[in-house]
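J.: Input: one structure, supplied below.
Please treat every number below as a calculation from the coordinates, not as lab data. All values derive from a computational prediction rather than experimental measurement. Neighbour counts run over all protein chains shown; Cβ positions are idealised from the backbone, glycine included.
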Amino acid sequence: MNLWILILIPWLVLAVLMSLLWLYQKKTHNAGIVDVAWSFGTALTAIWFAYGASGDPNRRVLVGTIAGIWGVKLGYYLLSRLKDAHEDRRYTMLREKWGDQTQLRMAIVFQIQAFWAVLFALPMLLASMNPEPGLQWYDWLGLAIWIVSIVGTGIADAQLNAFRKDSENSSKVCKRGLWKYSRHPNYFFEWIHWWAYVAIGFAGDWGWLTLLGPAVMLFFLLKVTGIPITERALVRSRGEAYKEYQRTTSSFIPLPPKDSTKSDRNGDEQ
C-alpha cells in the first residue's frame, strides 16, 4: 500500500470520529472523552500501520500487538475514570479560561487530537517497516521495555486509585509507593513505552526518526498538556501541601525524595 494512503486513511477516519465526539462533549460538558478516543485511536492506527507496512511479518505482528494492548489498556483506564468522575480538571480550567469561545476551541482541540493520534503512531509505523528478517535481539529489547512500561504504569495507577478511594485522603497528597519518588510516575512510565519502538525500529530505514516518539512525548508531558496543567490544578486544590511535595519530590524521573527542611533552607523548589 502507498505510504501516504496508509497514513491518510486513519487521519480522515479519526477526524470524522473526533467531530462526532465533539458534539457529544458539547451535550455532556465533559471533554475527557477526547483522551479516551486518542488512546484507542492511536492503538488502532498502529495496528493499521502494522497491517499495511512493508517490514518483516513477525515484527509487524509484534508491533501491532504491543501497541494495541497499550492503547486498549490506557483507553479503558481513562474510560473508567470518565464514568466515575467529573470532567478532568485540565478541561475545566480551559473552559474557565476560554469563556464564550470554549466550543470553538474545543472543536480545534478534538481535531488536533485526531492529528496527534496519527503522529504518535508514526514510530510504530517505522518499527513495522524494519525489513530485517525474523525477530532480532533488539525486538526482544523493545518488548522488555514495553513490559517495564506497562507494569510501572499499572502499579502507579493502582497506588493512586487506592489512595483516592479513601475518603480521608480527599485533601491530601499521595506519597505512597512510586509517588514517593516521583510526582508523576504514571507519566514517566508512559514515556518509557515510546522507547520500545525506538529499539525495534532504529535499525530499519529512517529508523532514527523513531526517536521523535519519546522526544515529542517528553515535550508534551513536561511543557504542554501533562505536568504543567495538572500541577496548576493540584496546587489550587491541595495548596501548601502540594507545594511542599513539589519541593521534596522529583517532578518526573523517580528519585530519592529530598529532605524538606533542607529544601526550605536552600529555597529549592522544582
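J.: Suppose the chain between S237 and F163 were pulled fully straight at 0.36 nm per residue; how much longer would it get relative to their current alpha carbon spacing?
T.: 25.0 nm
J.: Counting only residues 5 or more places away or on other chains, whose amide H sits under 5 Å from the amide H of S251 once H atoms are built in the peptide plane?
T.: Answer set, sorted by chain and number: R183.
J.: Mind putting a number on the dipole of the chain about its Cα centre? Charges go on the C-beta only, +1 for Lys and Arg and -1 for Asp and Glu, and I need it in Debye to the nearest 20.
T.: 780 debye
J.: Under 1.5 on a/c is rounded, so check that first for segment 1-89, then, if it is not, pick prolate when a/b is larger than b/c and oblate when it is not; a ≥ b ≥ c are the square roots of the alpha carbon gyration tensor eigenvalues. Show your work: numbers first, answer last.
T.: Values: a/c = 5.15, a/b = 1.73, b/c = 2.97.
It is oblate, given that a/c is not under 1.5 and a/b is not larger than b/c.
J.: So, by mean Cβ neighbours within 10 angstrom, what's the order for 208-216, 129-137 with the highest one leading? Each step should come with its number before you reach the end.
T.: Details: 208-216: 17.8, 129-137: 14.8.
The packing order, highest mean first, is 208-216, 129-137.
J.: Below 15 angstrom from the Cβ of F110, what's the summed charge of the other residues (Lys, Arg +1; Asp, Glu -1)?
T.: Values: positive: K26, K27, R90, R95, R105; negative: D35, E87, D88.
In short, +2.
J.: Which of V63, L125, Y76 sits closest to the plus end of the dipole of segment 56-152, meaning its Cα is farthest towards the positive end, when Lys and Arg get +1 and Asp and Glu get -1 on the C-beta?
T.: Result: Y76, furthest along the dipole toward the positive end.
J.: Just to be sure I understand the model, the point goes 7 Å from the Cα along the line to the Cβ. What's the resulting L8 to K180 distance in nm?
T.: Inter-label distance under the simple model: 5.5 nm.
J.: Quick one: compute a quarter of the convex hull surface over the Cα atoms of segment 184-263 and quote it in nm².
T.: Working: hull surface 24.5 nm².
For segment 184-263, averaging the hull's shadow over all directions gives 6.1 nm².
J.: Further, regarding this structure: State the number of lysine pairs found in the chain whose Cα atoms come within less than 24 Å, restricting to pairs 8 or more positions apart or on distinct chains.
T.: 29
J.: DSSP H helices in the chain with Cα extent of 30 Å or more along the helix axis and mean Kyte-Doolittle hydropathy at least -1.0?
T.: On the way: long enough: 3-28 (38 Å, 1.59); 57-84 (40 Å, 0.21); 102-128 (38 Å, 1.43); 137-165 (42 Å, 0.64).
Both cut-offs are met by 3-28, 57-84, 102-128, 137-165.
J.: Between L20 and E132, what length in nm is gained on full extension when 0.36 nm per residue of separation is reduced by their alpha carbon distance?
T.: Roughly 36.3 nm would be gained on extension.
J.: Helix-derived [θ] at 222 nm for the chain: sum -39500 (n - 2.57) over DSSP H runs of at least 4, divide by residue count, nearest 500?
T.: -24000 deg cm²/dmol
J.: May I pose another question? Rank the residues D35, D139 as a footprinting-exposure proxy: fewest other Cβ atoms within 10 Å of their Cβ go first. If you can, show how the numbers build up before the last one.
T.: Values: D35 20, D139 23.
Ordered from fewest to most neighbouring Cβ atoms within 10 Å, D35, D139 come out as D35, D139.
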